[in-house]
Every structure is written in structure tokens, then in C-alpha cells.
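Novice: Starting off with a structure, shown below.
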Amino acid sequence: MKLTLVVACALIDADNRVLIAQRPQGKTLAGLWEFPGGKLEPGERPEPALIRELQEELGIITQEACLAPLTFASHAYDDFHLLMPLYICRRWQGDVAAREGQKLAWVRANKLRDYPMPPADIPLIAHLTDLLL
């Protein structure tokens, strides 16, 4: 089974809310909510990949020093196995904006379960709830 490495970020604002994005129509798992991030390019390390993805998807700039690893997801989908480190980030430059047509929501950690998420993301919620409550 193919292993796919994806990196994700829980952006946390001054009110301790977490940013999630809705997958746009036409993509796999469309309509589900997820933490921003994406696939690594060949030879790319996770932190630079996440910095690149946050700039592409949300128009914000952050630094490696502002990314703290929190936990990871390991999930077997039907046709690939996903390995996804989740970082938290509380410091960035610029205003968060949906640059790829996705819907965005700032959500309290204890309300994340109210949003349908891909199976790999669901176990990550407990880690964020523990951190932010």
C-alpha cells in the first residue's frame, strides 16, 4: 500500500480558537473539514512544506520556530496509508484568507466534533482539546 506523507497545522488565534478549512467540491473527501496543510514535494521537509502550504492556501507567512509538533495521524484509507504530522502555530504574519475557494471557520477545540472531518483528522481533536481547555 502506498504511503502518503501530508503535513497539517492547527492555527490557534488569540482567543484559543482553531482554524479549519472545508475541502472544496471536486476534491477527494469534498465537504469535510480539515486542518490546513498538504502534501510534501519530493525531497521537501515537513516544516518548509507546511510554511509553503499555509502561504498558498491562506496567504500567511510563518517561520519554522513558530511551528510546534503536537501529534500525528496514521490512517489506512482504501488505496493509500496516510501519515500526517500535526503542528500547532500561534504566530504568523498576514491575515488568514481562503485563497483556494475553501470555506474557513475559527472553532473552539471542544466544538471541533460538530464539523464532519476525514477519518484521519478525528483522533487529532482530543489532543487539541487537551491542549486548549
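Novice: When only residues in segment 1-59 that are in a loop (DSSP other than H, G, I, E, B) and of a type in the set (D, E) count, which is surrounded by the most Cβ atoms within 10 Å (Cβ to Cβ)?
Specialist: Initial filter on segment 1-59 (in a loop (DSSP other than H, G, I, E, B)): 1, 13-16, 23-32, 35-36, 40-45, 59.
Right, trim to of a type in the set (D, E) and you get 13, 15, 41, 44.
On the way: D13: 12, D15: 7, E41: 10, E44: 14.
So the residue we want is E44.
Novice: Filter segment 91-124 down to the residues that are within 25 Å of S74 (Cβ to Cβ) and assigned to a loop (DSSP other than H, G, I, E, B) and list them by number.
Specialist: Within segment 91-124, Q102, Y115, P116, M117, P118, P119, A120, D121, I122, P123 qualify.
Novice: With respect to L29, determine if the residue is over 14 Å from the mean Cα position of the chain (by Cα) and either within 19 Å of R90 (Cβ to Cβ) or among the aliphatic types (A, V, I, L, M) (or both). Steps first, please.
Specialist: Details: over 14 Å from the mean Cα position of the chain (by Cα): yes; either within 19 Å of R90 (Cβ to Cβ) or among the aliphatic types (A, V, I, L, M) (or both): yes.
Answer is yes for this residue.
Novice: Moving on. Can you find even one residue in segment 76-88 that is under 24 Å from Q25 (Cα atoms), aliphatic (A, V, I, L, M) and in contact with an Asp or Glu (Cβ under 7 Å, 6 or more places away or on another chain)?
Specialist: no
Novice: Looking at segment 69-99, which of its residues are surrounded by 12 or more Cβ atoms within 10 Å (Cβ to Cβ), hydrophobic (A, V, I, L, M, F, W, C) and under 18 Å from V18 (Cβ atoms)?
Specialist: Result: L70, F72, A73, M84, L86, I88, C89, W92, V96, A98.
Novice: Over 13 Å from the mean Cα position of the chain (by Cα) and within 21 Å of L131 (Cα to Cα): which single residue out of D95, D13 fits that description? If you could, list the steps in order and put the result at the bottom.
Specialist: On the way: D95 fails: within 21 Å of L131 (Cα to Cα).
Just one listed residue meets the conditions, D13.
Novice: Would you check which residues across segment 62-106 are of a type in the set (A, V, I, L, M) and either without any contact (Cβ under 8 Å) to a residue 40 or more places away in the chain or under 24 Å from T4 (Cα atoms) (or both) and list them? Explain how you work it out, then say what you get.
Specialist: Going residue by residue through segment 62-106, those that are of a type in the set (A, V, I, L, M) are 65, 67-68, 70, 73, 76, 82-84, 86, 88, 96-98, 104-105.
A65, L67, A68, L70, A73, A76, L82, L83, M84, L86, I88, A97 - these are the residues of segment 62-106 that are of a type in the set (A, V, I, L, M) and either without any contact (Cβ under 8 Å) to a residue 40 or more places away in the chain or under 24 Å from T4 (Cα atoms) (or both).
Novice: Still on this structure: Condition test on Q63, is it under 14 Å from C9 (Cβ atoms), at pLDDT 95 or above and over 14 Å from the mean Cα position of the chain (by Cα)? Break it down stepwise before answering.
Specialist: Working: under 14 Å from C9 (Cβ atoms): yes; at pLDDT 95 or above: yes; over 14 Å from the mean Cα position of the chain (by Cα): yes.
When the stated conditions are applied, Q63 passes them.
Novice: Something else: If you take the residues of segment 114-133 that are under 25 Å from T4 (Cα atoms) and of a type outside the set (A, V, I, L, M), which of them is surrounded by the most Cβ atoms within 10 Å (Cβ to Cβ)? Explain how you work it out, then say what you get.
Specialist: So the first thing to find is which residues in segment 114-133 are under 25 Å from T4 (Cα atoms), and the list is 115-128.
This time we only want the ones that are of a type outside the set (A, V, I, L, M), so: 115-116, 118-119, 121, 123, 127.
Numbers: Y115: 15, P116: 12, P118: 18, P119: 13, D121: 23, P123: 15, H127: 17.
Among those residues, the one meeting the criterion is D121.
The values are calculated or read from the model by the stated rules, or taken from the named source; none is laboratory data. All values reported here derive from a predicted model rather than from experimental measurement. Note: ideal-geometry Cβ built from the backbone for every residue, glycine included; neighbour counts use all protein chains shown.
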